[in-house]
Amino acid sequence: MAPSFDWWGKDAHRGTSVIVKMENPNWSISEISSPDDDEEYGVGGGGGQGEFSGGGARKGGRGKNAKQITWVLLLKAHRAAGCLTSLASAAVGLASAVRRRVASGRTDSDAASSPPEESPVLRTRFYSCIKVFLWLSLLLLGFEVAAYAKGWHLGAAELQRLVLLPSSFGIRGLFESLYSDWVRIRAEYIAPPLQFLADACVILFLIQSADRLILCLGCFWIRYKNIKPVPKQAIGSESKDPESGGEDFPMVLVQIPMCNEKEVYQQSIAAVCNLDWPRSNILVQVLDDSDDATTQALIKEEVEKWQQNGAHILYRHRVIRQGYKAGNLKSAMNCSYVKDYEFVAIFDADFQPAPDFLKRTIPHFKNNEELGLVQARWSFVNKDENLLTRLQNINLCFHFEVEQQVNGVFLNFFGFNGTAGVWRIKALEDAGGWLERTTVEDMDIAVRAHLQGWKFIYLNDVECQCELPESYEAYRKQQHRWHSGPMQLFRLCLPDIIRSKIGFWKKSNLIFLFFLLRKLILPFYSFTLFCIILPMTMFVPEAELPAWIVCYIPATMSFLNILPAPRSFPFIVPYLLFENTMSVTKFNAMISGLFQLGSAYEWVVTKKSGRSSEGDLYSLVEKEPQQQRGASAPDLEAVAELEPQPKKKSKKKHNRIYRKELALAFLLLTASARSLLSAQGIHFYFLLFQGISFLLVGLDLIGEQIE
């Protein structure tokens with residue numbers, strides 16, 4: 001009989017109430033009796049027996065419980081079907097994205113995505129080397145599969161017999177002869193140098209892991225002892241009227257370098273103009289290097305609006321744009337009025353300092369004449385935008401929370417991050433000012449100031465909001481610049497470091513830790529060990545990599561890296577795989593910078609999306625409502641009245657196919673297939689998932705997806 005579904009309309013409901021607990025996959029049911037159940041269960045008025053006194057009385061209850069269990073199981077089945085449907089939908093969407101990406105045919109070798117100064121020969125040389133490894137691995141895989149099909153199970157005894165003994169007929173077959181020669185060649189000539197290179201990379205890996213462990217222990221000690229820089233005297237403690245200025249509020253120059261960044265210029269100018277500092281003691285320089293006439297007009301108009309509202313702000317545009325950001329800052333520091341200022345604060349175009357930024361940084365300079373730089377921490381308004389931004393957030397949280405903080409506390413030296421920092425102008429002058437010789441002008445000026453004896457302070461509790469690149473193309477170009485520049489700088493600074501008058505240990509820290517270990521060795525071993533040596537050991541089993549190198553130590557290092565961002569623990573496995581995937585870009589950049597190849601001098605402004613923190617915007621509105629309203633709407637009519645300029649061909653954003661990453665994906669997947677023949681479990685899973693990671697990145701499926 002079909003169940004009735006109008007039970008809720010009845011006056012009286014007879015049945016057993018059921019509580020279903022869904023937290024545990026092993027369901028549990030609790031029965032709660034009601035007065036209406038007395039007759040059914042045979043409960044007497046004073047019999048003193050429990051509700052389960054009669055065997056026949058349980059029959060009806062059991063039938064109803066079975067119905068409830070059936071509904072619970074059906075509900076679970078429905079939810080499982082929903083999960084499968086969502087997974088199928090995601091798979092279909094992924095396949096559709098891959099099909100569109102392949103059909104578009106846009107790769108990283110297109111002229112639009114390549115720097116003009118990089119020759120095609122240099123651009124394809126690294127890719128050609130990877131292709132050679134790929135085709136060789138495919139050939140060897142076919143060779144090994146054919147050998148496995150013949151019953152040669154790749155054990156040591158079988159290989160020895162194959163090399164030394166003739167076939168059962170006394171004459172070797174052609175394939176058997178070729179395979180035995182290959183086994184002998186790889187055992188005698190290929191395995192020893194491959195094993196030597198693997199052991200060397202393992203030693204470098206262990207040294208770098210020890211360095212990271214020491215940094216983490218230093219960070220734990222700082223937290224345990226609650227060590228942090230404390231100013232000797234707070235701002236405003238001597239001056240009763242903040243707007244009157246005086247010695248308590250030194251003269252501060254604020255610089256905002258930008259170039260064609262119309263998405264973010266308003267929010268950065270608004271944030272800087274709302275800094276809580278006497279207007280007579282602050283000057284804001286908007287250093288616009290834009291070559292787009294419309295963007296220039298919009299930025300200039302924004303500056304004029306803030307000038308009308310009383311802000312002390314100037315607009316500067318260079319006619320001859322040389323030296324990128326360093327040339328822009330150098331030109332601004334040559335102005336005659338700079339001599340009237342004692343400190344300079346620098347913010348990139350997407351940075352939004354809090355109103356009390358200067359009041360929390362400038363006091364550290366007072367009565368500390370050796371201090372040259374105060375660096376603040378970055379925070380990110382779009383860290384949860386997609387998987388790529390989440391993984392970047394893990395990396396940068398470790399950089400600021402551990403690396404910068406530990407080096408600042410124990411060494412008084414770290415690399416300037418290029419923005420969200422305050423410099424003593426005298427320290428900049430002693431270091432020789434900004435130089436355009438590398439693409440990491442911030443690290444360059446920090447190293448030269450350190451060689452002159454200046455000390456640095458890092459403030460982990462002072463944050464400045466900014467944006468992370470949301471597309472893989474933008475992130476890839478940013479990482480290329482960040483890893484090629486230090487190698488350029490190392491070549492140029494090494495003689496100066498050796499000749500400098502700083503102590504032996506400071507020289508050793510600069511050469512061996514700051515440059516060699518963290519800027520050269522890290523990208524070298526991560527790419528060579530996990531992307532080249534590991535897959536090659538699958539085809540040359542005489543050279544081995546132990547499981548603790550492939551799995552346990554990388555997992556431990558990833559765990560340490562993710563500690564400063566505890567909310568990102570669910571992404572620990574994608575983080576480990578993505579870091580190895582990015583090693584190809586970092587290795588390529590490191591080689592370019594070390595040997596002065598064409599792409600080493602590539603400078604591409606990281607694309608911004610213009611995302612702002614709602615909390616910051618609300619605080620700005622509450623603090624300066626009239627100014628914020630006046631700055632929020634550009635005068636488009638005035639822009640339209642400008643003299644017509646030759647229009648630049650607009651570049652549309654596209655997702656691309658990255659050939660090096662794809663080639664490495666197929667190399668790793670081929671090696672994982674080969675590892676199945678020798679039943680290497682950990683190696684197989686690592687190569688499989690690492691190959692899939694390279695495949696997703698090569699098809700540009702990790703960051704912003706453009707329809």
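The values are calculated or read from the model by the stated rules, or taken from the named source; none is laboratory data. None of the values given here were measured: they were computed from a predicted structure. With ideal geometry, Cβ positions are generated from the backbone for all residues, glycine too; neighbour counts draw on all protein chains shown.
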> Which one is modelled with the highest pLDDT, of the residues in region 172-212 that are surrounded by 12 or more Cβ atoms within 10 Å (Cβ to Cβ), among the aromatic types (Phe, Trp, Tyr) and under 24 Å from Cys531 (Cβ atoms)?
Replying inline: Phe205
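Specify the residue that is surrounded by the fewest Cβ atoms within 10 Å (Cβ to Cβ); the eligible residues are those in region 470-487 that are of a type outside the set (Lys, Arg) and touching an Asp or Glu at 6+ places or on another chain (Cβ under 9 Å).
Here is the first cut: in region 470-487, the residues of a type outside the set (Lys, Arg) are 470-475, 478-480, 482-487.
From what's left, touching an Asp or Glu at 6+ places or on another chain (Cβ under 9 Å): 470-474, 480, 484-485.
Numbers: Glu470: 19, Ser471: 23, Tyr472: 25, Glu473: 21, Ala474: 21, His480: 23, Ser484: 27, Gly485: 24.
In this case the residue turns out to be Glu470.
Hey, among the residues in region 459-509 that are in a strand (DSSP E or B) and among the hydrophobic types (A, V, I, L, M, F, W, C), which one's nearest to the chain's Cα centre (by Cα)?
Start the filter on region 459-509 by keeping residues that are in a strand (DSSP E or B), which leaves 459-466.
Of the ones still in play, those that are also among the hydrophobic types (A, V, I, L, M, F, W, C) are 459, 462, 464, 466.
Working: Leu459: 21, Val462: 21, Cys464: 18, Cys466: 14 Å.
Ranking the candidates gives Cys466 first.
So for region 600-618 (the condition being modelled with pLDDT of 95 or more, hydroxyl-bearing (Ser, Thr, Tyr) and in a helix (DSSP H, G or I)), does at least one residue qualify? Full working, then the answer.
Applying the first criterion (modelled with pLDDT of 95 or more) to region 600-618 yields none.
Looking through region 600-618, none of the residues is modelled with pLDDT of 95 or more, hydroxyl-bearing (Ser, Thr, Tyr) and in a helix (DSSP H, G or I).
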>> Consider region 423-458. How many of its residues are part of a loop (DSSP other than H, G, I, E, B) and among the aliphatic types (A, V, I, L, M)?
In response: 3
>> I need the full set of residues from region 684-707 which are among the β-branched types (Val, Ile, Thr), outside any loop (DSSP other than H, G, I, E, B) and crowded, with 19+ Cβ neighbours inside 10 Å, in order please.
In response: Val697
> Does region 213-241 hold any residues that are on the phi > 0 side of the Ramachandran plot and modelled with pLDDT of 75 or more, and which are they?
Replying inline: Asn226
> What residue, among those in region 667-683 that are buried (at least 19 other Cβ atoms within 10 Å of the Cβ) and not aliphatic (A, V, I, L, M), is nearest to Leu138 (Cα to Cα)?
Replying inline: Thr670
> Looking at (1) surrounded by fewer than 20 Cβ atoms within 10 Å (Cβ to Cβ); (2) more than 30 Å from Asn412 (Cβ to Cβ); (3) touching a residue at least 60 places away in the same chain (Cβ under 8 Å), which is the only condition Phe530 fails?
Replying inline: (1)
